[in-house]
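**Student:** Got a structure for you, written out below as structure tokens; questions coming shortly.
The values are calculated or read from the model by the stated rules, or taken from the named source; none is laboratory data. What you are looking at is a predicted structure, and each value in this text was computed from that prediction instead of being measured. Here the Cβ positions follow ideal geometry from the backbone for every residue, glycine too, while neighbour counts run over all protein chains shown.
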Amino acid sequence: MITIRETFGIQDLKHIYFVESSCFNPEDTEDIKELSSFVSEKNYKTYIATKTISADNSDTILGYLACEIRTSHYYVTSVAVLPKYRKLGIAKRLLKQCFEDMPVNLIMCCDIRSSNVPSQHLFEKNGFKKVRDFESVYQDEIGFYYETEPKQKSIENNC
Ligand SMILES: CC(C)(COP(=O)(O)OP(=O)(O)OC[C@H]1O[C@@H](n2cnc3c(N)ncnc32)[C@H](O)[C@@H]1OP(=O)(O)O)[C@@H](O)C(=O)NCCC(=O)NCCS
């Protein structure tokens, strides 16, 4: 069974680094210092997808999502799933959990390389709209900036 949870902190770091370095080109890979901010600083929220290994009952990390918490929005800094576990809905579940935990009235946003079609599909299918091009984020190509509508109050909250 695949479970989505918030990271426990620094003890997940080496597994998150393994996912990160398995999923991105070296120039896009966050270094261990940056990743340690994701798991330990209050202005970040980091979610992981885990699977329990039945042999020794330990958890292995299959994917993660990190976002920076700002006053008006949550900015998704990274989302990655190990190649063997892609197209199973893991990234979608990570995004959904993060969105559910975000306070109402905030938006979620991210930027994506123009060549990263799987990622564009992931965000577009999950409520994000392309708002503008970015010329400066990536050195070698244009990026696209995406955002959601502000989160609405849930029906339960309205009761
Ligand atoms: C992008 C990435 C995180 C998607 O993870 P995933 O767990 O496979 O995604 P999901 O299974 O949750 O798919 C959700 C949606 O994304 C889209 N998608 C995922 N992989 C896709 C692919 N290879 N091609 C086209 N669309 C794709 C689909 O629209 C899918 O929705 P659907 O199943 O209803 O059609 C994964 O491919 C990855 O780790 N890529 C390398 C790292 C990266 O580029 N991260 C994003 C940086 S901004």
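**Student:** Of the residues that sit in the stretch 75-130 and are basic (Lys, Arg) and more than 8 Å from the ligand (Cβ to nearest atom), which one is farthest from GLU149 (Cα to Cα)?
**Tutor:** Taking the candidates together, the pick is LYS84.
**Student:** Moving on to the next point. Does the stretch 1-30 hold any residues that are of a type in the set (Asp, Glu) and modelled with pLDDT under 90, and which are they?
**Tutor:** GLU27, ASP28, GLU30
**Student:** Could I ask something else about it? Sort through LYS51, LYS45 and tell me the only one that's without any contact (Cβ under 8 Å) to a residue 60 or more places away in the chain, touching a Leu at 6+ places or on another chain (Cβ under 9 Å) and closer than 20 Å to SER119 by Cα.
**Tutor:** Of the residues listed, the single one that is without any contact (Cβ under 8 Å) to a residue 60 or more places away in the chain, touching a Leu at 6+ places or on another chain (Cβ under 9 Å) and closer than 20 Å to SER119 by Cα is LYS45.
**Student:** Quick check on the stretch 29-39. Is at least one of its residues within 13 Å of the ligand (Cβ to nearest atom) and either in contact with a Cys (Cβ under 6 Å, 6 or more places away or on another chain) or without any contact (Cβ under 8 Å) to a residue 24 or more places away in the chain (or both)?
**Tutor:** Within the stretch 29-39, one or more residues are within 13 Å of the ligand (Cβ to nearest atom) and either in contact with a Cys (Cβ under 6 Å, 6 or more places away or on another chain) or without any contact (Cβ under 8 Å) to a residue 24 or more places away in the chain (or both).
**Student:** Here's something else I'd like to know. Could you list all residues from the stretch 125-148 that are of a type in the set (Asp, Glu) and in contact (Cβ under 8 Å) with a residue 12 or more places away in the chain?
**Tutor:** Passing the criteria: ASP133, GLU141, GLU147.
**Student:** Going through the stretch 117-144 one residue at a time, which ones are at pLDDT below 95 and not hydrophobic (A, V, I, L, M, F, W, C)?
**Tutor:** Listed by number, the residues that qualify are ARG132, ASP133, GLU135, SER136, TYR138, GLN139, ASP140, GLU141, GLY143.
**Student:** Return the total of residues in the stretch 94-133 being among the basic types (Lys, Arg), surrounded by 13 or more Cβ atoms within 10 Å (Cβ to Cβ) and part of a strand (DSSP E or B).
**Tutor:** Qualifying residue count for the region: 2.
**Student:** Another one. Is it fair to say LEU62 is within 13 Å of the ligand (Cβ to nearest atom) and of a type outside the set (Asp, Glu)? So that I can check it myself, show each step before the final result.
**Tutor:** Working: within 13 Å of the ligand (Cβ to nearest atom): yes; of a type outside the set (Asp, Glu): yes.
Yes, satisfied.
**Student:** Yes or no: the stretch 36-52 includes at least one residue that is part of a helix (DSSP H, G or I) and buried (at least 20 other Cβ atoms within 10 Å of the Cβ).
**Tutor:** Yes, that holds for at least one residue.
**Student:** Moving on. Determine, yes or no, whether ILE53 is at pLDDT 95 or above and in contact with a strand residue (DSSP E or B) (Cβ under 7 Å, 6 or more places away or on another chain).
**Tutor:** For ILE53, the condition - at pLDDT 95 or above and in contact with a strand residue (DSSP E or B) (Cβ under 7 Å, 6 or more places away or on another chain) - is not met.
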